[in-house]
Amino acid sequence: MSKLRDDLYQRLHGFQPLKRSYKKQGQSDWYYLDPRGASTVGSMKQIDVSNENAINPQINNILADDMAKNPNDYYIWRTRQDDKVRSKHAEREGKIFNKHIPPVDGNPGEDYNCRCWAEPYKPQKVEKLGITAKVDLSGLPQYAENDKSGIKSDATFLKADINDKELLELMANNLLETEKMKNYIYLDKFGHITSGVGALLDDEKAFKSVPWMIGNRLATKNEVDAAYNMFVYKRFAKDKRGKYIYHNRLAESFINDSPLRVSKEYMIHKMMKHLQEDLKRAKSKREDFDTYPVPLKLIVLDFYYNKGSFYNQPGLPQALNERNAKLFQEKMMRNMEDRDKWTKKQFTLIPKSFWNSY
């Protein structure tokens, strides 16, 4: 239970649906776990739901019970209450959040240049202030679609007149949601040395330019060299059959391989810098980029961020030149990873009027 934000924590607290591998007659395919009064996972009550996207019908009661037992896990979102506060953060003023279920852009102070702070949650004080003891659930996957304080609604995606700042904000929210922030070193599914928000560090110069930390101190040159050499070995190590040993592993499996860590501030800084460069390159490649509908702009930026480019992906530039929706979707699917449910959704939001053939 030390890694409070991992899937195990969410499952034990009933925030994430589970699929049954075997079900009895009358049971649904999906269910939640209710941790109230249970001492083990096996003794938790199962709450049937119709599908994986269904809201846990007991979520508010479970949270109320958790707030009473673990008040230190909760806080009240506070802002500076001036004209510099971002609108989405201003909407959170006075609301209660669980620090292990943050909004898509993190807890107070974690978003880039965020000046907000977390006021400790104290039940008696909250009651006196007249604050409703209801937790904001925008950080949960099944609630994200209705999150007014984070990612903009689908209707906003259909506009072509949002500015670059808003576009980068949308893209950053996507990356924080799909990539997650990993402050340790790991190999991605292709064996690339990675850290932060999906930042590739295969290049020795890039790896050693990171201000790696060990605890509260900067790592020494020898410690950084040792970590880099170890992950280069892991990247290319093969077994007797010629298969890569360390590829296609969960990122979390590398967490204890090296003590090197990177700060959240640096991860977000690098992500935003990366996105700004991606946007510049996208615009330099296509003079009509600014006329694209927002979902298509996001797809292009996602390819740049995760694959290094969009325009060297087989068939995609041609499909876009011809504005052929069927060909674009076919080529896009061939170039995507399994995680790209978000990208598939953006394609469905591109207006049909954009395409010459559909």
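FYI, it's all coordinate maths here, none of it is from the lab. All of these numbers come straight from a predicted model, not from anything done at the bench. Positions of Cβ are generated from backbone atoms using ideal geometry, with glycine treated the same way; all protein chains shown enter the neighbour counts.
Across region 30-44, rounded Karplus estimates of 3J(HN,Hα) from the backbone phi angles (6.51 cos²θ - 1.76 cosθ + 1.60, θ = phi - 60°) give 10, 7, 10, 9, 9, x, 5, x, 9, 9, 9, 4, x, 8, 6 Hz, Gly and Pro being marked x. Taking 30 Å as the limit for the C-alpha separation, the pairs Lys19/Lys307; Lys24/Lys180; Lys84/Lys122; Lys180/Lys297 exceed it in the case of Lys19/Lys307; Lys24/Lys180. A DSSP coil position with no more than 13 other Cβ atoms inside 10 Å describes the following GluC sites (Glu not before Pro) in region 243-345: Glu287, Glu337. Using modelled amide H (1.01 Å from N, peptide plane; none on Pro or chain starts), what sits under 5 Å from the amide H of Lys95, excluding residues fewer than 5 places away? The list, which skips near neighbours in sequence, is Trp77. If a spin label sat at a point 7 angstrom from the Cα of Tyr112 along the line to its beta carbon, the backbone N atoms of region 252-278 nearer than 13 Å would be those of 265-278. Here the calculated FRET efficiency for Lys352 and Phe190, from their Cβ-Cβ distance with R0 = 41 Å, stands at 0.75, rounded to the nearest 0.05. Label sites at Ala68 and Glu119, each approximated as a point 7 angstrom past Cα along Cα to Cβ, lie 2.4 nm apart.
Using R0 = 56 Å, the C-beta based FRET efficiency linking Asn216 and Gln46 works out to 0.85. From most to least packed by mean Cβ count within 10 Å, the peptides 15-21, 102-108, 240-246, 27-33 give 102-108, 27-33, 15-21, 240-246. If a spin label sat at a point 7 angstrom from the Cα of Arg334 along the line to its beta carbon, the backbone N atoms of region 291-321 nearer than 12 Å would be those of 313-319. Summing charges over neighbours of Asn51, with a neighbour being any other residue whose Cβ is under 13 Å away from its Cβ, gives -1 when K and R count +1 and D and E count -1. For Tyr233 and Glu177, a Förster radius of 35 Å and the Cβ-Cβ distance give a FRET efficiency of 0.60, rounded to the nearest 0.05. Which of rounded, prolate or oblate describes region 206-270 when judged by the alpha-carbon gyration tensor and an a/c cut-off of 1.5? It is prolate, given that a/c is not under 1.5 and a/b is the larger ratio. Note on region 151-358: antiparallel DSSP beta bridges, both residues inside, total approximately 90 percent of the bridges counted. Taking a ≥ b ≥ c as the square roots of the eigenvalues of the alpha-carbon gyration tensor, region 151-358 is classed prolate because a/c is 1.5 or more and a/b outweighs b/c.
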